[in-house]
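Every read-out reported here was derived from the displayed coordinates using simple, explicitly stated rules and does not represent laboratory data. Worth saying up front: this structure is predicted, and the values here are computed from it rather than measured. Virtual Cβ from ideal backbone geometry, glycine too; neighbours counted across all protein chains shown.
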Amino acid sequence: MNERAFFAIHSALPREGPGDRASLAWAMAFARPPADGRILDAGCGPGADIPGLLDYVPRGEVVAVDLHAPFANQVRARFRGDARVTVRHGDMLAQSGPFDLIWAAGSLYAPGVEAALPVMRRMLVPGGRIVFSDLCWTGPERPPEAVDFFATEYPDMGDEGTLRTRVARAGLRFQTVCKLPPAAWEAYYGPLENRLDLLRRDLPDDPEIATQVAAHEREIAVWRAHGDAFGYLLCVTAR
């Protein structure tokens, strides 16, 4: 995606993918980082999950890293003065541990789950956890419209069995998994739809932005029509 168009759409959003505090709390009930633990928020985006993560390490640290400098700068400004938050602009797979927990909410699609997990495993303390969400087929049906969309957008998309295999290959133990609920998707798509409406109104003659607005609208439409067939699986894994 053109970088200018990307940030025109995404610069004002509270989060960069499906998720919510209830789903984070569900995962933390299994991950259980120590109160003085160190968490890596890998691909933190604008920092939507950082307040929730801090609740579980009140005497610890959250290291928030994102490859996109505008997101890192946004998080740095938001948490300025909070000594528990360290913000880095860079590659989430090039961070130095050790970490008690790595939180990767929807951020492994770029490097791929199979490539990212072994690298992240080496950043963990013994017994540390990786919690990540990945887009998977979750129902018995695979609607042609959704298959066509993801063949381009996420060609490595599998199902829960595929995910379990990738976790095992990384040398991790698969603890538990749940499918993110519709509320977690609405937490992302609601603000995104409002942003798309504004851009369509304010920049109707910008072809790059118009193309990306249409692409995002198609993504949302595919989920609204076929969200029972796919979704984000939130996985808790252990070293």
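Here are a few things to note about the model shown:
- Scaled against the 2.2 N^0.38 Å expected of a compact globular protein of N residues, the Cα radius of gyration of the range 1-156 reads 1.07.
- The distance linking the range 45-82 with the range 134-168 is 30 Å (Cα centroid to Cα centroid, whole angstrom).
- FRET efficiency for residue 6 and residue 96, using Cβ-Cβ distance with R0 set to 22 Å, rounded to 0.05: 0.20
- Contour excess over end-to-end distance, with Cα ends at residue 22 and residue 217 and 0.36 nm allotted per residue: 67.6 nm
- Maximal additional length on extending the residue 183-residue 115 stretch stands at 21.5 nm, based on 0.36 nm per residue less the C-alpha distance.
- Placed amide H near residue 102: partners under 5 Å, 5+ positions off or other chain: 40, 129, 130, 131
- Nitroxide proxy distance, nm - points 7 Å out along Cα→Cβ at residue 76 and residue 176: 3.8
- Computed [θ] at 222 nm, helices only, for the chain once each DSSP H run of length n ≥ 4 contributes -39500 (n - 2.57): -13500 deg cm²/dmol
- Once divided by 2.2 N^0.38 Å, the Cα radius of gyration of the range 69-213 becomes 1.26.
- Cα-based Kirkwood hydrodynamic radius, the range 133-205, one decimal, Å: 15.2
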